[in-house]
Structure formats: structure tokens, C-alpha cells
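Notes to accompany the following structure.
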Amino acid sequence: MTDVAQFVSEQSLAVIGTGSEVVLHFDLKLADGSAADSTRVNNKPAKLVIGDGNLTPSFEACLLGLKCGDKKSFTLEAIDAFGMPNPDNIYHMDRSKFGAETPADEGMIIAFTQPDGSELPGIIRAVAGDSVTVDFNHPLAGQKITFDVEILSVGLSS
């Protein structure tokens, strides 16, 4: 068997389990059917490792047992998808912290630099006088989400 044929054969037999490196396309829809996100828009599939802690256990459980070429649709309640909004992640900031290059306009998503240098997106929820309300919860927190996935490849994490 040629190396290519063996690779193709292994890919078609590989089943998603803990430690699997998975490449997939996904479409996210809200309860009302509206599109929230999709890897297909820019044709840039997502790559993830099952069990690395970056995804919720409920989402990973829906992928277990799938293999290359499989398509599946599943719906997760808010708590199992992106979690519930945490009121401790809502901050009131002074409007003077925002400049001309990053105005505090309601609905905007702004990247805030954390002390360790990483960036955290915040949504401007309200602007009242000198006070700006910034929500650091995931934008889809509190939402029931339907995931449509297509598995493009399954391998072992390196």
C-alpha cells in the first residue's frame, strides 16, 4: 500500500476520541435560526484537540465517535454551549479611558489588553454620561446554540 493510500485509509477509519486532533467546518445558529458564526464564510476550517480544555465537555461529547466525512447537527442549551452570563464580567469604566481611535459606542466590540499582554474582547453595552458599561462575557453566553459540523480530518494530537 502506498503512503498516500495508507494515510487515506487511516483517515477514513480514525474515530474522534480523547486526544484526537480534529479539523472541521461548523455553522452556529441561534434558537431563532439566525446565523451566529461559520467557518465556511472564509473557508477556514477550525482545528481543535479533544480533551485539551478549550471546549465544553458537552460539545466534545457530541463529536466523540464521529469520523472523517461525517456531518452532524446538535443543539446545546446555553449552560452547555458558551455558559451563562456572569454579572462579575460586567464592568463600569470611565469614558476617559476611551480615545478617538476607540470610541465608546454602544454595541462595539473592543479588544482590551490584560496585564499579561493578552487581549480580551469586551462589548460596549451602554454609555451614560462619563460611564461606559463593558461586558466581558462571551457574546453567545446565555444562548441556546445549534451546531452543524462536518468532520474534515481526524488524527492524533502531536
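The values are calculated or read from the model by the stated rules, or taken from the named source; none is laboratory data. All figures in this text were calculated on a predicted structure; none of them were measured in a lab. Glycine gets a Cβ as well: all are built from the backbone with ideal geometry, and neighbour counts include every protein chain shown.
Structural remarks
- Scanning region 114-138 for residues that are over 23 Å from Met84 (Cβ atoms) and exposed (fewer than 14 other Cβ atoms within 10 Å of the Cβ) turns up Pro115, Asp116, Gly117, Ser118, Glu119, Ala128, Gly129, Asp130, Ser131.
- Tally, over region 54-96, of residues that are outside any loop (DSSP other than H, G, I, E, B), closer than 18 Å to Leu30 by Cα and β-branched (Val, Ile, Thr): 2
- Within region 122-148, the set of residues being out of contact with any strand residue (DSSP E or B) (no Cβ under 7 Å at 6 or more places or on another chain) and in a loop (DSSP other than H, G, I, E, B) comprises Gly129, Asn137, His138, Ala141, Gly142.
- Residue within region 139-147 that is loosely packed, with under 13 Cβ neighbours inside 10 Å, of a type outside the set (Gly, Ala, Ser) and either touching a helix residue (DSSP H, G or I) at 6+ places or on another chain (Cβ under 7 Å) or in contact (Cβ under 8 Å) with a residue 12 or more places away in the chain (or both) present: no
- With respect to the stated conditions, Lys47 is at pLDDT 95 or above and over 17 Å from Asp148 (Cβ atoms).
- Residues being at pLDDT 90 or above and farther than 10 Å from Cys68 by Cα - total across region 1-31: 12
- Test: residue in region 69-91 that is farther than 23 Å from Thr146 by Cβ and either surrounded by 15 or more Cβ atoms within 10 Å (Cβ to Cβ) or hydroxyl-bearing (Ser, Thr, Tyr) (or both): yes
- Of note, Glu101 does not satisfy the criterion of being in contact with a strand residue (DSSP E or B) (Cβ under 8 Å, 6 or more places away or on another chain), in a loop (DSSP other than H, G, I, E, B) and either surrounded by fewer than 13 Cβ atoms within 10 Å (Cβ to Cβ) or of a type in the set (Lys, Arg) (or both).
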